[in-house]
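Please see the structure below; I have some questions.
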Amino acid sequence: MEREARDVRQLPKTHLHLHFTGSMRPTTLLELADKYGVRLPEALTGAEPPKLRATDERGWFRFQRLYDAARSCLREPEDIQRLVREAAEEDIADGSGWLEIQVDPTSYAPRLGGLIPALEVILDAVESASRETGLGMRVLVAANRMKHPLDARTLARLAVRYADRGIVGFGLSNDERRGMARDFDRAFHIAREGGLLSAPHGGELTGPASVRDCLDDLDATRIGHGVRAAEDPRLLKRLADRGVTCEVCPASNVALGVYEKPEDVPLRTLFEAGVPMALGADDPLLFGSRLAAQYEIARRHHDFSDAELAELARQSVRASAAPEDIKAKLLGGVDAWLVG
Ligand SMILES: [Zn+2]
């Protein structure tokens with residue numbers, strides 16, 4: 001049989017799980033650190049991505065500390081603009097036709113003049129990067145589950161207020177072992193009432209119960225990660241029946257020790273169960289690979305055929321908040337990739 005060798009970077013797809021600072025190019029981080037005289041932890045200055053293991057709280061804390069160090073190099077609106085433009089360029093190079101970037105504006109507020117100015121700087125940057133690169137981009141505002149649920153409510157209201165400036169969804173991130181999803185149900189209610197999609201993290205660091213909580217308490221339309229649902233066949237069926245998409249990030253899972261090896265990420269299990277997936281890079285800055293590499297993992301470690309990779313790409317398109325005309329164009333491009 002002829003070896004299938006279509007380039008996954010040419011496969012049209014969307015990117016629905018990418019964190020703001022985590023999208024930064026390593027070279028940009030070094031330049032910004034230089035610009036501001038920031039001494040970065042050694043783990044961020046090496047040629048290799050840092051060794052992380054977030055399956056215990058200390059490991060997760062270390063991961064967050066590295067993330068914070070990188071974020072501390074984003075100080076001016078021009079840094080934010082550069083970050084977003086480069087994220088768009090990287091996405092385009094990887095075949096993405098639509099990017100939803102995830103951000104908690106609270107953590108940028110101290111350096112950008114407060115919560116609202118920070119959000120406006122971010123939304124402006126997304127709008128101009130989209131205009132300059134031609135890539136459709138939107139924003140998910142994510143609350144931090146390490147903070148008080150009232151903060152999440154404030155953020156949800158803000159996200160709704162700025163919905164017409166490019167915010168399409170509301171998320172919940174950080175250590176799943178802290179707090180309960182239902183503590184944030186009011187915030188998610190506000191977001192959903194305001195027309196935003198619900199896309200909390202779940203089923204990454206903790207098991208299937210955390211995915212169920214996202215469905216039951218936050219009425220999730222998408223789940224950040226969700227891979228641990230693979231441990232519960234009934235939950236898989238529920239996700240499949242409801243058409244809830246899991247934003248699966250294989251390289252991230254391996255880097256953080258959720259799974260030992262790329263072949264352990266349950267891509268096949270979810271796919272065969274009919275659970276829609278949107279592969280994502282999560283934090284390329286820390287995990288060392290971007291969007292197309294996730295599809296490469298599916299091909300190399302899980303024997304996804306080109307037809308199956310095309311189906312993954314279609315699932316990513318359908319789960320996005322892209323307007324129908326963009327979805328149709330991307331889906332057409334997927335078919336063309338497969339035929340070509
Ligand atoms: Zn994430």
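Can you tell me which residue is surrounded by the most Cβ atoms within 10 Å (Cβ to Cβ) among those in the stretch 160-182 that are in a helix (DSSP H, G or I) and not charged (D, E, K, R)? Full working, then the answer.
Narrowing the stretch 160-182 to residues in a helix (DSSP H, G or I): 160-161, 163-165, 181-182.
Retained after the next criterion (residues that are not charged (D, E, K, R)): 160, 163, 181.
Details: Val160: 19, Ala163: 17, Ala181: 24.
The residue in question is Ala181.
A further question on this structure: Restricting attention to the stretch 249-276, and to residues there that are without any contact (Cβ under 8 Å) to a residue 40 or more places away in the chain and of a type in the set (A, V, I, L, M, F, W, C), which single residue is nearest to Leu11 (Cα to Cα)?
Result: Leu267.
Go through the residues of the stretch 204-227 one by one and say whether even a single one is basic (Lys, Arg), under 23 Å from Phe188 (Cα atoms) and within 14 Å of the ligand (Cβ to nearest atom). Show your work before the answer.
Quick first cut of the stretch 204-227, residues basic (Lys, Arg) only: 212, 222.
Then keep just the ones that are under 23 Å from Phe188 (Cα atoms); that gives 212, 222.
Pick out the ones that are also within 14 Å of the ligand (Cβ to nearest atom) and you get 222.
Checked the stretch 204-227: at least one residue is basic (Lys, Arg), under 23 Å from Phe188 (Cα atoms) and within 14 Å of the ligand (Cβ to nearest atom).
Might you let me know whether the stretch 111-134 holds any residue that is acidic (Asp, Glu), in contact (Cβ under 8 Å) with a residue 40 or more places away in the chain, surrounded by 16 or more Cβ atoms within 10 Å (Cβ to Cβ) and in contact with a strand residue (DSSP E or B) (Cβ under 7 Å, 6 or more places away or on another chain)?
There is no residue in the stretch 111-134 that is acidic (Asp, Glu), in contact (Cβ under 8 Å) with a residue 40 or more places away in the chain, surrounded by 16 or more Cβ atoms within 10 Å (Cβ to Cβ) and in contact with a strand residue (DSSP E or B) (Cβ under 7 Å, 6 or more places away or on another chain).
Can you tell which of Arg25, Arg75 is out of contact with any Leu (no Cβ under 6 Å at 6 or more places or on another chain), more than 16 Å from the ligand (Cβ to nearest atom), more than 16 Å from Tyr108 (Cα to Cα) and basic (Lys, Arg)? Spell out how you get there, then give the answer.
Working: Arg75 fails: more than 16 Å from Tyr108 (Cα to Cα).
From the options Arg25, Arg75, the qualifying one is Arg25.
Considering only residues that are of a type in the set (A, V, I, L, M, F, W, C) and away from the ligand (no atom under 14 Å from the Cβ), look in the stretch 228-252 and name the one that is nearest to Arg318 (Cα to Cα).
So the residue we want is Val244.
Pairs, please: C-beta under 8 Å, at least 6 apart or cross-chain, first residue within 15 Å of Ile167 (Cα to Cα) and in the stretch 317-328, second surrounded by 16 or more Cβ atoms within 10 Å (Cβ to Cβ) and among the acidic types (Asp, Glu)?
Correct list of pairs: Ser320/Glu100; Ala321/Glu100.
Shifting gears a bit: Give, as residue ranges, the helices (runs of 4 or more DSSP H) completely inside the stretch 185-269 that count at least 1 residues that are among the basic types (Lys, Arg) and closer than 20 Å to Val139 by Cα.
Per the criteria, 185-193.
Please verify whether Leu285 is part of a helix (DSSP H, G or I), within 16 Å of the ligand (Cβ to nearest atom) and either hydrophobic (A, V, I, L, M, F, W, C) or at pLDDT below 95 (or both), treating the condition exactly as stated. Step through it out loud before you land on a result.
Details: part of a helix (DSSP H, G or I): yes; within 16 Å of the ligand (Cβ to nearest atom): yes; either hydrophobic (A, V, I, L, M, F, W, C) or at pLDDT below 95 (or both): yes.
Yes, satisfied.
The values are calculated or read from the model by the stated rules, or taken from the named source; none is laboratory data. Quick caveat: nothing in here was measured; it's all calculated off a predicted structure. Quick reminder, even Gly has a Cβ in these numbers, built from the backbone with ideal geometry, and neighbours come from all protein chains shown.
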